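The values are calculated or read from the model by the stated rules, or taken from the named source; none is laboratory data. Not measured: the values here are computed from a predicted model. Don't worry about glycine lacking a Cβ; one is built from the backbone with ideal geometry, like all the others, and counts go over all protein chains shown.
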Amino acid sequence: MCGVFVHALEKVLQTVIGDSSTDEAREAENLLKEVDWQYLDGEIPVAISQSKDGLGRISTIVQAMKEFSHPGSKVKTFHDLNKIIETTITVASNEWKYCAQIEKQLAPDLPQVCCLADEIGQVFLNILVNAAHAIAGNNPDDKTRGTITIATRLDREHVEICIGDNGAGIPENIRERIYDPFFTTKAVGKGTGQGLAIAHNVIVEKHAGTISCVSEVDRGTVFTLRLPIESTATDSRGEEMETA
Ligand SMILES: Nc1ncnc2c1ncn2[C@@H]1O[C@H](COP(=O)(O)OP(=O)(O)OP(=O)(O)O)[C@@H](O)[C@H]1O
Ligand SMILES: [Mg+2]
């Protein structure tokens, strides 16, 4: 469980902070020595306005992170999955915004689902980050952005969530292994191979749901999650879990 938490925290921090560089600070210091004050007179108001926009975005992300990082409940309660998806999209924005646009088709009449909200949010985050990586990795030099689609719908006693991308796709010879713990095709530091193992555990073991994937190399991938609205799932040790 601790591993799951560390992975979650690492993922959220990676997605929000992104890469930082001390070179930029040094460059700024050098620039200060050759200040053109007239130029600054015009630029400073623009910079302040952009900073305000940036602060607004930071505030949205902090709000989303607060929702994301509250101490995880072990008791299932009813939650709006569309709202969890919106929060996840905000938290992960640093991962997808440079390489993809997001198209949402969220059913407005989706019933609330009895679930462990923080763990379900973690699953959405893992699959969304994978989608962004698949798009960015497929065509690193192409400036045209890919598309990530996220759809929800009601299907009798289940809610279905589809997360698709038009990225690299998953070669057939590795498709069987993608849910294995620590299976990764990513470079060291980019992936640990835990994302889909956690997703499988949360969806199948903890919520009695299903997770499946359809993929075509160079065309893209769609992950489909199905969750029962009322869950009487057992946990990974086979014990029945509490519901509120
Ligand atoms: N949407 C996708 N498109 C293409 N390949 C994918 C996609 N999702 C998963 N994969 C493949 O499945 C592998 C396992 O995914 P998983 O999320 O478990 O680990 P990871 O992304 O490599 O690392 P981590 O999630 O721990 O950072 C990935 O390395 C990648 O090869
Ligand atoms: Mg992953």
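Table for the structure above
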read-out	value
Segment 1-47 - residue that is of a type in the set (V, I, T) and surrounded by 10 or more Cβ atoms within 10 Å (Cβ to Cβ) and, of those, modelled with the lowest pLDDT	V4
Considering residues of segment 122-150 that are more than 15 Å from ligand 1 (Cβ to nearest atom) and not acidic (D, E) only, the residue surrounded by the most Cβ atoms within 10 Å (Cβ to Cβ)	R145
Some residue of segment 89-103 being in a loop (DSSP other than H, G, I, E, B), buried (at least 19 other Cβ atoms within 10 Å of the Cβ) and at pLDDT below 95	yes
Condition check for C114: at pLDDT 95 or above, touching a strand residue (DSSP E or B) at 6+ places or on another chain (Cβ under 8 Å) and surrounded by 14 or more Cβ atoms within 10 Å (Cβ to Cβ)	yes
Pick from segment 123-164, criterion among the small types (G, A, S) and within 16 Å of ligand 2 (Cβ to nearest atom), ranking: modelled with the lowest pLDDT	G137
Subset of segment 165-224 that is acidic (D, E) and assigned to a strand (DSSP E or B) - its residue that is nearest to ligand 2 (Cβ to nearest atom)	D165
Test: I161 is among the hydrophobic types (A, V, I, L, M, F, W, C) and out of contact with any Ser or Thr (no Cβ under 7 Å at 6 or more places or on another chain)	no
Total residues in segment 200-244, condition in contact with a helix residue (DSSP H, G or I) (Cβ under 6 Å, 6 or more places away or on another chain), modelled with pLDDT of 95 or more and not β-branched (V, I, T)	3
Boolean, A187 is surrounded by fewer than 18 Cβ atoms within 10 Å (Cβ to Cβ) and either away from ligand 1 (no atom under 15 Å from the Cβ) or among the small types (G, A, S) (or both)	yes
Residue match in segment 155-162 (condition: farther than 19 Å from E230 by Cβ and near ligand 1 (Cβ under 8 Å from one of its atoms))	no
Segment 151-196: number of residues that are more than 15 Å from N126 (Cβ to Cβ), in contact with a helix residue (DSSP H, G or I) (Cβ under 8 Å, 6 or more places away or on another chain) and basic (K, R)	0
Residue match in segment 171-183 (condition: within 23 Å of W96 (Cβ to Cβ), touching a strand residue (DSSP E or B) at 6+ places or on another chain (Cβ under 9 Å) and acidic (D, E))	no
Residue that is in a strand (DSSP E or B) and among the acidic types (D, E), where the choices are E119, E160	E160
